[in-house]
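The block underneath contains the structure these notes are about, expressed in structure tokens.
Bear in mind that the values in this text are calculations on the coordinates, not laboratory data. These figures come from a predicted structure and were not determined experimentally. Cβ: placed from backbone, ideal geometry, glycine included. Neighbour counts: every protein chain shown.
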Amino acid sequence: MKEVLGLLAVWSIVLSGLTLLLGLYFIRRGRREAHHRSMLVATGLAALFLVFYLAKWALHGTTLYGGPEAWRGAYYALLITHTLLAALNGPLALYVIYNALKGRFSVHKRWARWLVPIWLYVAVSGWVIYLVLKRYGVEAGTIAF
Ligand code: HEM
């Protein structure tokens, strides 16, 4: 179960990054309707990621880094920036979509240009963290309340 939830989480965040790139491609080609749909799919996949990730965390707890000491600092820098930016990504995405749906496209574009690199960073770093923990992860168990 744990492995399945981990796989579902990592694939949904990676696919959300890919649909985001597809949405960007569409708007650059002036295909607004396709852009609209791709971005909503990207957002749905990111929301699914959150569901799978939280389910895994609640059922199986966290995994700690148990790899080479020389890489510990780099790993935690990646993990912390990933987590902070993932938390920022949610409200920023809602704001960007809200402005698009209201037809305020200049505000939409201004914030979307920040959102896209943040989203891609979260998707790529999520994948890297998954691979690192698959190799060097140490089970820490669930937190008892
Ligand atoms: C998380 C969701 C979204 C992201 C990350 C996003 C991203 C972007 C980006 C980066 C641009 C600027 C492209 C460029 O300058 O070449 C853009 C433009 C645009 N977006 Fe989105 N978008 C999202 C959702 C939507 C939705 C839901 C709609 C439809 C209501 C929409 C409609 C548009 C339109 C019409 C433009 C062109 C605006 C113009 O050129 O004046 N977007 N979007």
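Data overview
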quantity: For peptides 89-101, 4-16, 24-36, sequence by mean Cβ density within 10 Å, most packed first; calculated: 4-16, 89-101, 24-36
quantity: Relative contact order (%) - criterion: Cα under 8 Å, at least six apart; region: the chain; calculated: 33
quantity: Test item: Cα-centred dipole of the chain, Lys/Arg +1 and Asp/Glu -1 on Cβ, debye; calculated: 780
quantity: Estimated vicinal HN-Hα couplings, Hz - segment 63-71 in sequence order (Karplus 6.51, -1.76, 1.60; Gly, Pro = x); calculated: 10, 9, 7, x, x, x, 4, 4, 9
quantity: Segment 3-25 and segment 28-48: distance between their alpha carbon centers, rounded to Å; calculated: 13
quantity: Kirkwood Rh in Å, taken over segment 2-141 so that all alpha-carbon pairs contribute; calculated: 16.0
quantity: 3J(HN,Hα) from dihedral phi, segment 77-91, Karplus parametrisation 6.51/-1.76/1.60, rounded to Hz, x for glycine, proline; calculated: 4, 5, 5, 5, 5, 4, 5, 5, 5, 5, 5, 6, 4, x, x
quantity: J(HN,Hα) series, segment 44-58, from Karplus relation 6.51 cos²θ - 1.76 cosθ + 1.60, nearest Hz, glycine and proline x; calculated: x, 5, 5, 5, 4, 3, 4, 4, 5, 5, 5, 5, 5, 4, 5
